[in-house]
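Worksheet: one structure, shown below.
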Amino acid sequence: MPLTPFMPDQANTEVYKKEWRYKEGAYTVTRTAHWSGPGCHNSCALLLYTDEDGKLVKVEGDPQSPYNSGRLCMRCLNMPEAVNHPDRVKYPMRRVGERGENKWERISWDEAYDEIEAQVRSIWADYGPESIVAMEGTGRNAIWQVPYLCHAGFRSPNFALGFLSGSACYLPRSAAAAVQSGEQQILDASQLNPLRYGNPDWELPEVIVVWGNEPLKSNPDGFLGHWIVDMMKLGTKLIVIDPSLTWLGAKADYWLRLRPGTDGAMTLAFLNVVIEEDLVDHDFIDNWTYGFETLAERAKQWPPERVAEICWCDAEDIRGAARLYGSAKRAGVQWGLALDQQPDGVTAAQGIASLTAITGNLDVPGGNVIMRNGFNMSIHYSIGTEYVDPDVFAKRLGAGLSVLYQYGSVVAQEDSVLRAMEMGEPYPIRMLWLESTNPIANMAAEAPRVYQAVQKVPFIVDVELFMTPTAVAFADLVLPAAMSCERNSIRVWWTPLRSIVQSSQYYEARSDERICIELGARLNPEVFGRFKDDIDYLNWNLKGDGNYDGDWLDLREKVFEFDPFLYNYRKYEKGMLREDGQVGFNTMSGKFELSPMLFEATGYESVTYHVEPSRSPYSTPELYKEYPLVLTSGQRSWEWFHSEHRQLKVHRAQHQYPFVELHSEAMKKYGITPGQWVWIENDLGRCKQIAKVNDTLDPRVIRAEHGWWFPEEDPQELFRVFDSNINNLTPMFHNSPTGYGAPYKCQLAKVYPVTPENLEPLPTDLVIKQGGFRDYSDWTKNNYGNYGNYGTAPADGLIDYGMGEQGKVPTMPEYTPQA
Amino acid sequence: MTDKKQGLLIDYEFCTGCHSCEVACREEHGFGIGTYGIKIMEDGPRLLDPENDSKKYTWRYLAVPTELCDLCAERVSMGKRPTCVHHCQAAVLSFGTIEELMPEIMRKPQQALFFPTGESEDGWASLQPLREANREIADAMKQDYSTAGESVDTDWENAVVDDKLREDLEALIETYGLVIKEDESGVTWTGDRYPDKQGLAHIKTNTAAIMKLLKERG
């Protein structure tokens, strides 16, 4: 048996055929990938087993794939339960009765498209396309269909992510990267090359820093978490930065248990140590970076001793960890969502990218490699923006708020969208298109407030797999979406390029691809009329925008194909990054900008700084007296992806209820018994979850779950979506100085037992029947945080989030927000 | 059906407790929820050695095949691997014969070898050779404590038995079920319950009297 994990060339070829579709006994087996609904971002390679009726009966991993080598998580293994679930949306439906009554009549697809077309045209005439907002959730497979429909179909600039405040998922890191280097980067676990760990060009990272994610469960952003386990077996050491001990943390040489929301400070400590102890790559710094002096000057102010106090960590551990990373010949960082979901996050992400650069770990084997979508596929949010009228594009909600929203991405800022819905400013929102998103269960901070605001939008369409709380609460039309095995599609992000092949059909469900081009053809026949069907659309992406040498049928034959461009390391040295073919990076200076020129020019803090979360023991000490626990949330489970999988028996049997984790000392202090339902509460609202002991937490920190709704409950009560919703406690409009990022993972709260006396009103009843935890309709009384006042923060400063009495007001920069 | 014993090797240093083996097994065999062909056990998180190290944690998972595991005989006969081995995300499960797996288990610590379909013995049948082998020893042991007395000469008819002795010996006769035994070696007593040393000594001292009492009983 090999030391390395099962390699694809060891698959028994008598059993596992090369063909993309073959027979095995009574079954048809299709080799394809999964992306997604339901499921994660990764697109693991699958074998779909369908019977003679075309029903999906079994899913296995494709052992011939170098990506996952036949391995699968329980979500894909149990996919047939989801695919064949009787509660899936079967037909297009129009609401009858009021929103929330869950009364529907079946209509045809043409009727649905007729109605949507009529609405869109009338909005164009009376309001302007900008009054249409299209939202998706975490992105996954709908990452390009929804934006394309929004931009080229609706002609609207307002594509956004499901009321995710500050676009706080990947985009903050991505926007920072765009401004620093013009490129994205990912940990190199040999996944760029089909030879994998056997690739002689690849080197094993000596050290991996797992920062702000639990990749084994989350598999974020096109990275299969268990690759880290593969590398651990080969000898890689770990540094884990996480408020709680995880399995990876238990195996790590250093586990830094940082206070949620202080990653900026931690990044500064790492920068301080590697610079002070000269663990940097001078060759790279001198030849390929701009702004090192500025970075070094800032880092000097933040030794581990200072950071330890802020992060609630041990200074020697921080120093040791930074030293271990800096001294390694090859080291990589696997970063994650926690960085996006705090005000410190964008600047920390920038600092971490700088850390990889100055230690000579950027775009080297076993470090953090520069990544693009394989074959240059247009699988990104900016697809189709050329079809939005430039005057209309300038009206994108939130664009003018900050330099990063202006230049870093094309997404409408979600807080700005909410504000427009509440106030009608700068213009009213007349239509909301939801596809692959369940905001009130999932991404919407201040969920009860969002629930009230969205009611004001006159026309709402929800493209969904199941009837969710969002669909019942808001939708006027519900359209049945196809699951992954019912779609023809393609997958990049990052490599290899994979075919997704339809193998079954569920009633009248249609793929996101088909919905996009069919509805688009009604609205913009010039653009969408080019595609006679979904395969045509895919071919356009493959051959038109992308540089793939073949069409979808070729790809289907091959099942997957790696992009040789991404076999190259040190692409900046080879002139492979810049549009003009010169060596260097796609930036103003041509260098990797440790201190981005764009920030310098616009008065932003240009290198990493620390800023306290909007609610913290230090920024709001009075509030901390009443809410004495630091609340982090959103940690992952094996069983589901965000708010999905709750209706599946196999998954729910393993994880019946939401759990909030506390240290036993905290339990004792607040009179809580393990296993008891408890209220988690702060000034914004409360929810209930079951208390569970986690003695690896700091006793002052608690962790709650997210994404909970209860499909077994009454749809007319929105499946009790607000009862255990941790986003009853998180604010909208508390963004980082860049406008990106939001403090989902760093709030304050108190915890106390649920009793018969304090049980009512339950949050769902309060929200549906009584408007919520407070009256949100008087917009003048609503908290808009630091909206429009992002600017920047002094190196040791605080931001005024409109909390009234706390915090310093930072000096405003030259840059004037335009919104 | 294989003619060599096959097993599962599990590297529990790297099992992450992801449940893929449990779910894959359930799907493959059509088990209901709550039924397992392989089940994950957990140890931790806890401090490994708190008296000596306040920072080192241990957190281990071990997947254990249950009585329902048949090593995916059907899949294996097709040329596939057991489904848990195929789908394990941490790639810590291996499958093979004992010859194939032994070098692997020697390669690193913290691994376990399971033979879920190993043949179970008929325990009682397997004990028989030992029992056979012990026949002579058992017989020899009984000789020392044999309840058969040495052949008694005819003098026992004249043994003197006073009332006290009679009472004692009657009790002894009852306790040990003594009866007269007559065969080609002569006339003696025998019983069906082994006496202790003291009891045996007592019987042997009073053999003549016992014989007389036994004769009286008829």
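Go through A:Pro737, A:Pro743, A:Pro763, A:Pro756 for me and flag whichever is surrounded by fewer than 21 Cβ atoms within 10 Å (Cβ to Cβ) and not small (Gly, Ala, Ser).
On the way: A:Pro737 fails: surrounded by fewer than 21 Cβ atoms within 10 Å (Cβ to Cβ); A:Pro743 fails: surrounded by fewer than 21 Cβ atoms within 10 Å (Cβ to Cβ); A:Pro763 fails: surrounded by fewer than 21 Cβ atoms within 10 Å (Cβ to Cβ).
Testing whether each residue is surrounded by fewer than 21 Cβ atoms within 10 Å (Cβ to Cβ) and not small (Gly, Ala, Ser) leaves just A:Pro756.
If you go through the stretch A:490-506 one residue at a time, how many are of a type in the set (S, T, N, Q), under 21 Å from the mean Cα position of the chain (by Cα) and assigned to a strand (DSSP E or B)? Before the answer, list the steps.
Filtering the stretch A:490-506 for residues of a type in the set (S, T, N, Q) gives A:495, A:499, A:502-505.
Next cut, under 21 Å from the mean Cα position of the chain (by Cα) only: A:495.
Within this subset, residues satisfying the condition of being assigned to a strand (DSSP E or B) are none.
Of the residues in that region, 0 qualify.
How many residues does the stretch A:762-784 contain that are modelled with pLDDT under 95 and of a type outside the set (Lys, Arg)?
Selection size over the stretch A:762-784: 13.
Quick test for you: out of A:Ala168, A:Ala142, A:Ala152, A:Ala176, pick the one residue that is small (Gly, Ala, Ser), surrounded by fewer than 24 Cβ atoms within 10 Å (Cβ to Cβ), touching a helix residue (DSSP H, G or I) at 6+ places or on another chain (Cβ under 8 Å) and in contact (Cβ under 8 Å) with a residue 60 or more places away in the chain.
When all the criteria are applied, what remains is A:Ala152.
Residue check: is B:Glu42 exposed (fewer than 14 other Cβ atoms within 10 Å of the Cβ), farther than 30 Å from A:Tyr67 by Cα and either modelled with pLDDT of 95 or more or more than 8 Å from every other protein chain (Cβ to nearest Cβ) (or both)?
No.
For the stretch B:115-125, check the following and say yes or no: at least one residue is hydrophobic (A, V, I, L, M, F, W, C), within 25 Å of B:Ser20 (Cα to Cα) and assigned to a loop (DSSP other than H, G, I, E, B).
Step one: list which residues in the stretch B:115-125 are hydrophobic (A, V, I, L, M, F, W, C), which gives B:115, B:124-125.
Imposing the further condition that a residue be within 25 Å of B:Ser20 (Cα to Cα) reduces the set to B:115.
Retained after the next criterion (residues that are assigned to a loop (DSSP other than H, G, I, E, B)): B:115.
Yes, the conditions are met somewhere in the stretch B:115-125.
Which of the residues that make up the stretch B:76-94 are part of a helix (DSSP H, G or I) and either at the interface with chain A (Cβ under 7 Å from one of its Cβ atoms) or over 14 Å from B:His29 (Cβ atoms) (or both)?
As a first pass, look at the stretch B:76-94 and keep what is part of a helix (DSSP H, G or I): B:76-78, B:83-87.
B:Ser77, B:Met78, B:Val85, B:His86, B:His87, listed by residue number.
Could you look through the stretch A:678-694, keep only residues that are over 29 Å from A:Ala250 (Cβ atoms) and of a type in the set (A, V, I, L, M, F, W, C), and pick out the one that is surrounded by the most Cβ atoms within 10 Å (Cβ to Cβ)?
Initially, the stretch A:678-694 is screened for residues over 29 Å from A:Ala250 (Cβ atoms), giving A:679, A:681-688.
Retained after the next criterion (residues that are of a type in the set (A, V, I, L, M, F, W, C)): A:679, A:684, A:687.
Details: A:Trp679: 19, A:Leu684: 23, A:Cys687: 25.
By that ranking, first place goes to A:Cys687.
Could you please find all residues in the stretch A:244-270 being within 15 Å of A:Gly345 (Cα to Cα) and of a type outside the set (A, V, I, L, M, F, W, C)?
Hits for the stretch A:244-270 are A:Arg259, A:Pro260, A:Gly261, A:Thr262, A:Asp263, A:Gly264, A:Thr267.
Just the residues that are within 30 Å of A:Ile318 (Cα to Cα), of a type in the set (Val, Ile, Thr) and within 31 Å of the chain's Cα centre (by Cα), please, taken from the stretch B:55-77. Before you say what the answer is, go through the steps one by one.
Kept after step one, since they are within 30 Å of A:Ile318 (Cα to Cα), are these residues of the stretch B:55-77: B:55-61.
Right, trim to of a type in the set (Val, Ile, Thr) and you get B:58.
Listed by number, the list is empty, since nothing qualifies.
Table: residues versus (1) charged (D, E, K, R); (2) surrounded by fewer than 21 Cβ atoms within 10 Å (Cβ to Cβ); (3) part of a loop (DSSP other than H, G, I, E, B); (4) not assigned by TED's automatic domain parsing to the domain that holds A:Gly336.
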{"residue": "A:Ser190", "(1), (2), (3), (4)": "no, no, yes, no"}
{"residue": "A:Pro205", "(1), (2), (3), (4)": "no, no, yes, no"}
{"residue": "A:Val209", "(1), (2), (3), (4)": "no, no, no, no"}
{"residue": "A:Asn213", "(1), (2), (3), (4)": "no, no, yes, no"}
{"residue": "A:Asp221", "(1), (2), (3), (4)": "yes, no, no, no"}
{"residue": "A:Gly225", "(1), (2), (3), (4)": "no, no, yes, no"}
{"residue": "A:Val229", "(1), (2), (3), (4)": "no, no, no, no"}
{"residue": "A:Met232", "(1), (2), (3), (4)": "no, yes, no, no"}
{"residue": "A:Leu238", "(1), (2), (3), (4)": "no, no, no, no"}
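I need the full set of residues from the stretch A:221-246 which are aromatic (Phe, Trp, Tyr) and either free of Cβ contacts under 8 Å to residues at least 12 places away in the same chain or away from every other protein chain (no Cβ under 11 Å) (or both), in order please.
Restricting attention to the stretch A:221-246, the residues satisfying the condition of being aromatic (Phe, Trp, Tyr) are A:223, A:227.
Selection gives A:Phe223 alone.
Whether any residue in the stretch A:425-439 is surrounded by 24 or more Cβ atoms within 10 Å (Cβ to Cβ) and in a helix (DSSP H, G or I) is what I want to check.
No: zero hits.
Take the stretch A:367-409 and flag every residue that is crowded, with 20+ Cβ neighbours inside 10 Å, assigned to a loop (DSSP other than H, G, I, E, B) and of a type in the set (A, V, I, L, M, F, W, C).
Result: A:Met377, A:Ile379, A:Ile383, A:Val388, A:Leu397.
Name the residue that is nearest to A:Glu214 (Cα to Cα), counting only residues in the stretch B:45-60 that are of a type outside the set (Lys, Arg) and either without any contact (Cβ under 8 Å) to a residue 12 or more places away in the chain or more than 8 Å from every other protein chain (Cβ to nearest Cβ) (or both). Before you say what the answer is, go through the steps one by one.
Pass one, the stretch B:45-60, residues of a type outside the set (Lys, Arg): B:45, B:47-54, B:57-59.
Applying the additional criterion that residues be either without any contact (Cβ under 8 Å) to a residue 12 or more places away in the chain or more than 8 Å from every other protein chain (Cβ to nearest Cβ) (or both) yields B:47-54.
Working: B:Leu47: 20, B:Leu48: 22, B:Asp49: 25, B:Pro50: 25, B:Glu51: 29, B:Asn52: 29, B:Asp53: 25, B:Ser54: 23 Å.
Top of the filtered list is B:Leu47.
Okay, residues lined up against (1) exposed (fewer than 12 other Cβ atoms within 10 Å of the Cβ); (2) touching a helix residue (DSSP H, G or I) at 6+ places or on another chain (Cβ under 7 Å); (3) modelled with pLDDT of 85 or more:
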{"position": "B:Phe95", "(1), (2), (3)": "no, yes, yes"}
{"position": "B:Glu99", "(1), (2), (3)": "yes, no, yes"}
{"position": "B:Pro103", "(1), (2), (3)": "yes, no, yes"}
{"position": "B:Pro109", "(1), (2), (3)": "yes, no, yes"}
{"position": "B:Glu136", "(1), (2), (3)": "yes, no, yes"}
{"position": "B:Tyr145", "(1), (2), (3)": "no, yes, no"}
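Just the residues that are facing chain A (nearest Cβ under 8 Å), hydrophobic (A, V, I, L, M, F, W, C) and buried (at least 23 other Cβ atoms within 10 Å of the Cβ), please, taken from the stretch B:15-34.
The answer is B:Cys18, B:Val23, B:Ala24.
Any idea which residue in the stretch A:645-677 is farthest from the chain's Cα centre (by Cα), counting only those that are within 14 Å of another protein chain (Cβ to nearest Cβ), under 27 Å from A:Leu623 (Cβ atoms) and surrounded by 15 or more Cβ atoms within 10 Å (Cβ to Cβ)?
A:His663
Select from the stretch A:67-117 the residues that are in contact (Cβ under 8 Å) with a residue 60 or more places away in the chain, out of contact with any strand residue (DSSP E or B) (no Cβ under 6 Å at 6 or more places or on another chain) and among the small types (Gly, Ala, Ser) and write down the one among them that is surrounded by the most Cβ atoms within 10 Å (Cβ to Cβ).
The extreme case among them is A:Ser69.
Any idea which residue in the stretch A:454-473 is nearest to A:Gly772 (Cα to Cα), counting only those that are part of a helix (DSSP H, G or I) and within 23 Å of the chain's Cα centre (by Cα)?
The initial filter retains those residues of the stretch A:454-473 that are part of a helix (DSSP H, G or I), namely A:454, A:469-473.
If we keep only those that are within 23 Å of the chain's Cα centre (by Cα) too, we end up with A:454, A:469-471.
Details: A:Val454: 14, A:Pro469: 16, A:Thr470: 16, A:Ala471: 19 Å.
In this case the residue turns out to be A:Val454.
The values are calculated or read from the model by the stated rules, or taken from the named source; none is laboratory data. Computed from a predicted model, the values in this text were never measured in an experiment. In this analysis, Cβ positions are derived from the backbone assuming ideal geometry, glycine residues included, and neighbour counts consider all displayed protein chains.
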